[in-house]
Number of protein chains: 2
Amino acid sequence: MRNLGNICVLFIFIWAPASLAAAQSQPVDLIVSDGMIVTMDANRTVLHDGSIAIRGDSIVAVGPRSEIDSKYHGAHTIDAHGKLIVPGFVNGHTHVPMTLFRGLHDDVTLNDWLYKYIFPAEKKNVNEDFVRWGTRLAAAEQIRYGVTTFADMYYFEEAIAEETKAAGLRGVVGETFIDFPTPDNKNLDDMLAYSERFIRKWQGDPLIHAAVAPHSMYTCSQKTLQAAAALARKYHAPILIHVAEMKKEWDDSEKAHGMSPVAYLNSIGVLGPDVVAAHCIYVDTADEKILAQKQVGCVHNPSSNMMLASGVSPVPQMRAAGVAVGLGTDGPAGSNNDLDLMEEMDLAAKLAKITQMNPLALNAKAVVEMATIDGARALHMEKEIGSLEPGKKADLDVISLDEPNAVPMYDVYAQLAYALKGDDVETVIIGGKTVMRDRKLLTIDEPRVLEKAREYGKSVSASLGMEQ
Amino acid sequence: MRNLGNICVLFIFIWAPASLAAAQSQPVDLIVSDGMIVTMDANRTVLHDGSIAIRGDSIVAVGPRSEIDSKYHGAHTIDAHGKLIVPGFVNGHTHVPMTLFRGLHDDVTLNDWLYKYIFPAEKKNVNEDFVRWGTRLAAAEQIRYGVTTFADMYYFEEAIAEETKAAGLRGVVGETFIDFPTPDNKNLDDMLAYSERFIRKWQGDPLIHAAVAPHSMYTCSQKTLQAAAALARKYHAPILIHVAEMKKEWDDSEKAHGMSPVAYLNSIGVLGPDVVAAHCIYVDTADEKILAQKQVGCVHNPSSNMMLASGVSPVPQMRAAGVAVGLGTDGPAGSNNDLDLMEEMDLAAKLAKITQMNPLALNAKAVVEMATIDGARALHMEKEIGSLEPGKKADLDVISLDEPNAVPMYDVYAQLAYALKGDDVETVIIGGKTVMRDRKLLTIDEPRVLEKAREYGKSVSASLGMEQ
């Protein structure tokens with residue numbers, strides 16, 4: 001017994017400093033350590049040897065590595081030495097299941113594309129299974145490209161929500177309201193009932209924000225638009241809608257209502273601080289003021305707008321008017337054809353410069369803002385995501401700088417906007433959970449998803465009488 | 001001895017069919033086997049299970065796998081099952097050492113960029129060592145992105161030629177003529193003497209085409225332009241020149257000469273079937289006819305033209321007029337900022353569509369042509385490269401289709417133009433030599449090149465009094 005007593009004394013003696021240190025150092029679940037952190041906080045702080053402490057799904061602290069090391073000890077650590085750490089990208093507008101129609105008849109007019117190809121293809125192919133596999137494929141692609149949050153409008157949105165959650169992605173997902181029968185709902189009453197069930201089911205979910213998605217003013221009557229908005233507001237759900245994407249939409253609105261699409265949507269009470277308006281191409285100065293006053297979030301989709309020759313959104317002017325403008329890929333069929341948000345950053349800057357014939361029109365920092373914090377503002381989620389700050393969700397990307405296109409680096413924003421690529425994203429963390437590590441997807445059976453996508457390619461081709 | 005005799009008989013019996021087969025099957029050095037081959041031949045043939053037989057630096061045969069297997073046996077084989085095989089991409093206009101200035105002050109006017117940043121940066125930093133490391137970095141980046149031939153205009157072009165050949169890349173490399181002292185030549189006489197030595201040294205080289213590169217009509221006098229052209233023609237060397245890139249160039253030309261830049265260059269005898277004209281933005285219908293008649297190759301640089309807000313080249317009109325139009329990245333500083341030619345394909349199509357407000361303006365197949373066979377035509381090398389056909393150089397890329405952004409595939413040209421990325425290139429062969437295999441560079445010490453590029457980043461920053 002005496003010997004045992006001595007051992008106990010020894011143990012206490014040895015462990016005392018350690019337990020003292022433990023008392024000072026707080027446990028966290030994960031530390032992403034020693035990278036160059038582009039915080040996108042209000043001061044646009046960039047830390048050169050920074051670490052991030054994460055507990056549960058949230059960020060506890062962001063600071064110099066030495067400071068984080070002295071205050072926290074992580075159950076796990078990801079070494080980001082020599083790499084960039086940025087807020088996960090926000091894809092503000094897409095239709096994820098359309099990945100399975102990727103590249104199905106490009107280079108045609110929007111009218112031909114819709115009526116000759118996409119509507120028949122959707123009618124013949126879109127069901128819940130299609131939507132699940134398309135969402136899985138899009139999840140794999142978005143995670144690879146560092147997208148951690150996306151906003152989606154499609155059909156069978158319940159399945160999209162489930163697959164999004166299973167992949168560990170954050171999604172604002174809205175079932176489409178449209179004035180013709182969809183693959184899953186016959187009429188407005190069905191759409192309302194579906195969406196109400198859908199919203200109630202996902203209330204309080206940490207990853208899924210169920211939304212209401214009236215397609216547009218040219219496919220929805222005033223009644224549909226107002227009913228959808230009323231349902232959303234009953235549950236404080238966001239409203240996703242296409243706004244002023246086409247010249248015809250502007251012309252028809254002027255003719256039918258004597259006002260612009262934005263003014264019309266405002267006049268019927270649809271616009272508000274819960275609306276996410278995709279495109280916003282045909283907006284004038286008065287419209288910009290309305291969008292700012294009503295705190296509508298706008299999402300710019302440069303690839304889609306160029307591909308379909310829709311027009312160019314006045315992004316610099318909207319930003320100057322105080323509108324939150326994010327970035328989106330749009331659906332990856334006929335209008336992009338991928339989900340690479342880093343490409344949209346590059347394009348947004350270059351498109352604004354050439355359109356305004358001014359190389360200062362929209363700079364690198366602005367488009368990085370649009371892909372992160374302004375994207376979060378456009379989705380009305382800026383308290384939750386969009387920057388790397390204590391209290392926010394731990395949604396972040398670790399980007400390799402060990403690539404020929406990454407060196408040398410004179411300006412981190414220029415590098416992100418113009419030189420780094422989606423494929424340079426190495427590791428992705430969403431809500432504290434690592435969903436890709438060193439380019440390996442951890443939440444998705446990628447080979448199986450690719451195999452199924454190829455099978456769908458064959459069956460879609462066959463359904464349209466195409467050779468493949 | 002009787003037993004030995006029996007054994008001999010047995011051997012002869014067993015080996016007879018094999019030696020017979022060997023007599024029918026020809027030896028080649030390499031077979032790239034069983035991929036989907038986008039040949040870009042005159043019929044734009046696409047083979048679904050195709051193989052390519054390569055002997056020395058050239059293609060011996062392209063055909064269905066079974067046919068190639070029966071006719072040839074390769075010392076080496078690369079299995080391309082489930083992958084794309086495309087002609088190596090042609091980057092028709094760049095300044096490779098400027099990789100070391102990547103992202104040095106973007107988002108400024110061209111004038112500020114040149115006079116405040118680039119000219120001082122070049123004066124303080126550009127020497128032969130800088131050019132060598134910049135060329136190595138650019139070679140790594142271009143090979144990674146599937147570029148197998150590039151056209152370059154810079155200084156110390158002798159060093160660029162040596163490093164290009166060492167990396168196994170094909171290059172059309174031209175020493176710059178300009179009416180002020182450059183880092184390596186003081187005046188026109190020096191430039192002429194340098195270029196003559198340079199051209200003579202590289203005559204007959206299988207990879208390096210020494211060129212003459214009078215910078216532009218706004219930086220070179222008529223005397224310089226004509227002297228440079230005469231030297232080139234003495235040796236049948238190509239002439240690389242910036243043409244009609246800026247509105248000011250057009251205005252000044254009209255004022256000084258009463259004609260457009262293209263008409264002026266034609267009037268002084270510079271234009272001909274050996275000229276590669278970069279940009280060609282400010283060209284009218286009459287200019288298009290001149291370019292076609294004189295068989296000038298043009299190189300469109302959409303990233304650069306957008307980034308610097310230079311203007312938009314009338315690519316569809318030039319193509320319709322019969323001009324060979326290739327694609328270029330331009331220099332990777334201030335005007336891009338990378339050497340990813342696949343991005344230029346995507347941009348070229350989207351820029352034409354949005355500029356002409358017509359989604360049919362320039363389609364996927366057209367931009368794949370511009371990156372391959374038309375790029376070769378623009379460099380006047382269409383007999384040597386640009387398509388996968390017997391007799392041409394074995395310059396090709398194997399591209400992975402085992403990525404989320406690659407599936408499903410309805411149209412191979414749409415996939416190449418809009419969905420696949422530079423990083424999807426897996427294996428690159430130039431002149432029969434494998435320079436990248438499964439994303440590993442075989443001719444470049446990549447870690448050392450990246451390290452040196454970072455060092456140059458620091459010294460360039462210090463030379464300009466910038467923090468880094």
Breaking point among (1) without any contact (Cβ under 8 Å) to a residue 40 or more places away in the chain; (2) surrounded by fewer than 24 Cβ atoms within 10 Å (Cβ to Cβ), for B:Ser304: (2)
Among the residues in the stretch A:122-131, are any among the polar types (S, T, N, Q) and within 25 Å of A:Asn305 (Cα to Cα)? no
Out of the residues in the stretch A:106-156 that are under 20 Å from A:Ser463 (Cα atoms) and among the hydroxyl-bearing types (Ser, Thr, Tyr), which is nearest to the chain's Cα centre (by Cα)? A:Tyr155
Scan the stretch B:50-58 and tell me whether some residue there is open to solvent by 10 Å² or more (accessible area, probe 1.4 Å) and out of contact with any Gly (no Cβ under 8 Å at 6 or more places or on another chain). no
Could you please let me know if A:Asp57 is touching an Asp or Glu at 6+ places or on another chain (Cβ under 6 Å) and outside the structural domain of A:Ala366 (by TED's automatic domain parsing)? no
Enumeration of residues in the stretch B:319-339 that are closer than 20 Å to B:Val172 by Cβ and either open to solvent by 10 Å² or more (accessible area, probe 1.4 Å) or more than 9 Å from chain A (Cβ to nearest Cβ) (or both): B:Val323, B:Ala324, B:Val325, B:Gly326, B:Leu327, B:Gly328, B:Thr329, B:Asp330, B:Gly331, B:Ser335
Restrict the check to the stretch A:154-168 and report whether at least one residue is at pLDDT 95 or above, assigned to a strand (DSSP E or B) and buried (at least 24 other Cβ atoms within 10 Å of the Cβ). yes
Which members of the stretch A:102-132 meet the condition of being open to solvent by 40 Å² or more (accessible area, probe 1.4 Å), under 20 Å from A:Lys186 (Cβ atoms) and assigned to a loop (DSSP other than H, G, I, E, B)? A:Asn127
Would you check if B:Met409 is open to solvent by 10 Å² or more (accessible area, probe 1.4 Å), within 29 Å of B:Ala53 (Cα to Cα) and either at pLDDT below 95 or outside the structural domain of B:Glu141 (by TED's automatic domain parsing) (or both)? yes
Options B:Thr135, B:Thr99: the member that is within 10 Å of chain A (Cβ to nearest Cβ), closer than 19 Å to B:Glu175 by Cβ, of a type in the set (Ser, Thr, Tyr) and in contact (Cβ under 8 Å) with a residue 12 or more places away in the chain: B:Thr99
For the stretch B:103-123, check the following and say yes or no: at least one residue is within 22 Å of B:Ile199 (Cα to Cα) and among the hydrophobic types (A, V, I, L, M, F, W, C). no
Test set (1) closer than 30 Å to A:Asn111 by Cβ; (2) touching a residue at least 60 places away in the same chain (Cβ under 8 Å); (3) facing chain A (nearest Cβ under 8 Å); (4) surrounded by fewer than 24 Cβ atoms within 10 Å (Cβ to Cβ) - B:Tyr418 fails condition number: (4)
For the stretch B:421-432, name all the residues that are at the interface with chain A (Cβ under 9 Å from one of its Cβ atoms) and open to solvent by less than 10 Å² (accessible area, probe 1.4 Å). B:Gly422, B:Asp424
Quick one: A:Val90 ticks every box in (1) part of a strand (DSSP E or B); (2) more than 23 Å from the chain's Cα centre (by Cα); (3) hydrophobic (A, V, I, L, M, F, W, C); (4) buried (at least 18 other Cβ atoms within 10 Å of the Cβ) except a single one, so which number is it? (2)
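Among the residues of the stretch B:348-405 satisfying the criterion of being among the hydrophobic types (A, V, I, L, M, F, W, C) and facing chain A (nearest Cβ under 8 Å), which is farthest from the chain's Cα centre (by Cα)? Show your work before the answer.
First, the residues of the stretch B:348-405 that are among the hydrophobic types (A, V, I, L, M, F, W, C): B:348-349, B:351-352, B:354, B:357, B:360-362, B:364, B:366-368, B:370-371, B:373, B:376, B:378-379, B:381, B:385, B:388, B:394, B:396, B:398-399, B:401.
Right, trim to facing chain A (nearest Cβ under 8 Å) and you get B:349, B:351, B:354, B:357, B:360-361, B:364.
Numbers: B:Ala349: 18, B:Leu351: 21, B:Ile354: 26, B:Met357: 29, B:Leu360: 26, B:Ala361: 24, B:Ala364: 19 Å.
Checking each candidate, the answer is B:Met357.
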For the stretch A:218-246, enumerate the residues that are under 23 Å from the mean Cα position of the chain (by Cα), surrounded by fewer than 23 Cβ atoms within 10 Å (Cβ to Cβ) and outside any loop (DSSP other than H, G, I, E, B). A:Arg233
(1) in contact with a Leu (Cβ under 7 Å, 6 or more places away or on another chain); (2) more than 13 Å from every other protein chain (Cβ to nearest Cβ); (3) charged (D, E, K, R): which one isn't true of A:Glu141, the others all being true? (2)
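Suppose the filter is aliphatic (A, V, I, L, M), assigned to a loop (DSSP other than H, G, I, E, B), in contact (Cβ under 8 Å) with a residue 12 or more places away in the chain and open to solvent by 10 Å² or more (accessible area, probe 1.4 Å); does A:Val270 pass it?
Details: aliphatic (A, V, I, L, M): yes; assigned to a loop (DSSP other than H, G, I, E, B): yes; in contact (Cβ under 8 Å) with a residue 12 or more places away in the chain: yes; open to solvent by 10 Å² or more (accessible area, probe 1.4 Å): no.
Judged against the criteria, A:Val270 is not a match.
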Which residues, taken from the stretch A:351-379, are surrounded by fewer than 23 Cβ atoms within 10 Å (Cβ to Cβ) and polar (S, T, N, Q)? A:Thr355, A:Gln356, A:Asn358, A:Asn363
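So, in the stretch B:70-87, how many residues would count as being out of contact with any Asp or Glu (no Cβ under 9 Å at 6 or more places or on another chain) and either over 30 Å from B:Val449 (Cβ atoms) or assigned to a helix (DSSP H, G or I) (or both)? It would help to see each step written out before you state the result.
Step one: list which residues in the stretch B:70-87 are out of contact with any Asp or Glu (no Cβ under 9 Å at 6 or more places or on another chain), which gives B:70-73, B:77-78.
Going one step further and asking which of them are either over 30 Å from B:Val449 (Cβ atoms) or assigned to a helix (DSSP H, G or I) (or both), we end up with B:70-73.
Residues meeting the conditions: 4.
The values are calculated or read from the model by the stated rules, or taken from the named source; none is laboratory data. Here the structure is a predicted model, which is why all the values come from computation and not from measurement. Using ideal geometry, Cβ is built from the backbone for each residue, glycine included, and neighbour counts are taken over all protein chains shown. Note: areas computed on protein heavy atoms with side chains; ligands, DNA, RNA excluded. Shrake-Rupley method; radii C 1.70, N 1.55, O 1.52, S 1.80 Å.
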